[in-house]
Each structure stands twice: as C-alpha cells, then as structure tokens.
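Peer 1: Once you've had a glance at the structure underneath, I'll fire off some questions.
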Amino acid sequence: MISFGKKIAAVLVALSCSFPFFSESSVSSSVEVGLGSGFVFYGSKSTRDFVDAVPGSKQFVANVNAAAYVPLADFVSAGIGFDTFIDGHWGDGDSIYLWDYSFQLGTRIYPGLAGLCLGIDYAIGRRTDFCDLSFGGERIDCVRNTGWGNGFIFSAAYDFAYGSGGIAPVVGFSWKHMPRGNASDNILSVSLKIKK
C-alpha cells in the first residue's frame, strides 16, 4: 500500500510534468536563506523518553535553511537546498540536543494567487543526538546518529518578491516527514526567509 505522502508527491510531480518546462520566463533565478522555529513529533519512543528525562527543562528550537531556485516556467521553479533543525533541552545539569539535517531537491509551484507558492521536496538526511543526562538510574553521555533516511518536505509560503527583482522576504510553513528506521520524525516549522 502506498503511503499518503507518496500519493501526494506523485500527484504534484504529475501536475508539474504537465507544465511547459523550459519555456521563456520573466522570473529570474533566486537564492533564499531562512531562519525559523517549530515543533518536532519524534516517532521513536526511546527518543521521546530521553527528551522527557530532562527535568524542568528549558528549550531552544531553531530551523535554518538555504536553497537556490531556477525557474522552469513563470509558475514553476526547481530548487536544491539544505535544511537543519535544532531542538535543545536542558535543566538541572541534564541536557539533550537533537540536530536534524538534510539535503533537499524539489519544485515550487505558483498557482496564480500573487506570491503564494506550494512546494514539495525530496529530502535525504539524518539526526544526531548529543546526550548528557540521568536515565534509568545511570548517567548517560552519548552522541547517537540515526541512519540516513529519505523523506519529503511539504511547504506553503508567500513570496513577496514574486515577479520582481531585488531582495524581499518570504514567509513560509513546512512539514518535514523523515523516516528513521522503524520510526519517523515529523517536523513542523514556520520561517522567515530572505530572497535575492
């Protein structure tokens, strides 16, 4: 059975293929760099247990991303980029920092509603956890790496520079689904990007 995310990806790719690729475009190539925040739903029970083991924790959450886009038509761009998400918890001498990072390749479609754009990206990445905490009656000091996983990033954004040049903001929301062996992480993020 094909998962829901793969069905959406197949539909978006099929729609993208119906557009007149490589047609003359009034939109130029661009680069975006963004900073945001969000929330992670960890699929692994052991990861959730480690995060919960930090008592009275303070939290720091940051999402940093960068991408370059090349227009294929006035309403379709192809892009390549990098996305990283840091989720840090600390308190009472314990800490755990979970660092998700991935490379992405995808498309951005402008449905004709001013600067509104929808995107889907294939992502390959993994997560590295830095732990220094008390768990199960013992002290754990570790660096754990998940295996490399293949996932998807679904996004919606408003591009204030669409159809014009110069530097302008892009405000966006994304959902990143990344399999981690027997579990999957789901990362929701809101970000402000600068586009040139």
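The values are calculated or read from the model by the stated rules, or taken from the named source; none is laboratory data. Just so you know, these numbers come straight off a predicted model, no measurement behind them. All Cβ positions, even for glycine, are placed from backbone atoms using ideal geometry, and neighbour counts span all protein chains on display.
Peer 1: ASP159 fails exactly one of the following numbered conditions: (1) of a type in the set (Asp, Glu); (2) within 30 Å of VAL51 (Cα to Cα); (3) surrounded by 15 or more Cβ atoms within 10 Å (Cβ to Cβ). What is the number of that condition?
Peer 2: For ASP159, the exception is condition (2).
Peer 1: Check off (1) modelled with pLDDT under 90; (2) under 23 Å from the mean Cα position of the chain (by Cα); (3) over 30 Å from ALA161 (Cα atoms) for SER16 and give me the number that stays unchecked.
Peer 2: Only one criterion in (1) modelled with pLDDT under 90; (2) under 23 Å from the mean Cα position of the chain (by Cα); (3) over 30 Å from ALA161 (Cα atoms) is unmet by SER16, namely (3).
Peer 1: Okay, next question. Out of the residues in the range 76-95 that are hydrophobic (A, V, I, L, M, F, W, C) and crowded, with 18+ Cβ neighbours inside 10 Å, which is modelled with the highest pLDDT? Spell out how you get there, then give the answer.
Peer 2: Taking the range 76-95 and keeping what is hydrophobic (A, V, I, L, M, F, W, C), we get 76, 78, 80, 82, 85-86, 90.
Of the ones still in play, those that are also crowded, with 18+ Cβ neighbours inside 10 Å are 76, 85.
On the way: VAL76: 92, PHE85: 96.
Residue satisfying both the conditions and the ranking: PHE85.
Peer 1: Also, quick follow-up: Only one residue in VAL54, VAL40 is modelled with pLDDT under 90, crowded, with 18+ Cβ neighbours inside 10 Å and not in a helix (DSSP H, G or I), so which one is that? If you could, list the steps in order and put the result at the bottom.
Peer 2: Details: VAL40 fails: modelled with pLDDT under 90.
When all the criteria are applied, what remains is VAL54.
Peer 1: Now for a different question. Looking at the structure I just gave you, is ASP159 more than 15 Å from GLU32 (Cα to Cα) and of a type in the set (Asp, Glu)? Quick ask: steps written out before the conclusion?
Peer 2: On the way: more than 15 Å from GLU32 (Cα to Cα): no; of a type in the set (Asp, Glu): yes.
Taking the combined requirement at face value, the residue does not satisfy it.
Peer 1: In addition: Any residue at all in the range 114-129 that is among the charged types (D, E, K, R), out of contact with any helix residue (DSSP H, G or I) (no Cβ under 6 Å at 6 or more places or on another chain) and without any contact (Cβ under 8 Å) to a residue 24 or more places away in the chain?
Peer 2: Pass one, the range 114-129, residues among the charged types (D, E, K, R): 121, 126-127, 129.
Filter once more, keeping what is out of contact with any helix residue (DSSP H, G or I) (no Cβ under 6 Å at 6 or more places or on another chain): 121, 126-127, 129.
Pick out the ones that are also without any contact (Cβ under 8 Å) to a residue 24 or more places away in the chain and you get none.
Looking through the range 114-129, none of the residues is among the charged types (D, E, K, R), out of contact with any helix residue (DSSP H, G or I) (no Cβ under 6 Å at 6 or more places or on another chain) and without any contact (Cβ under 8 Å) to a residue 24 or more places away in the chain.
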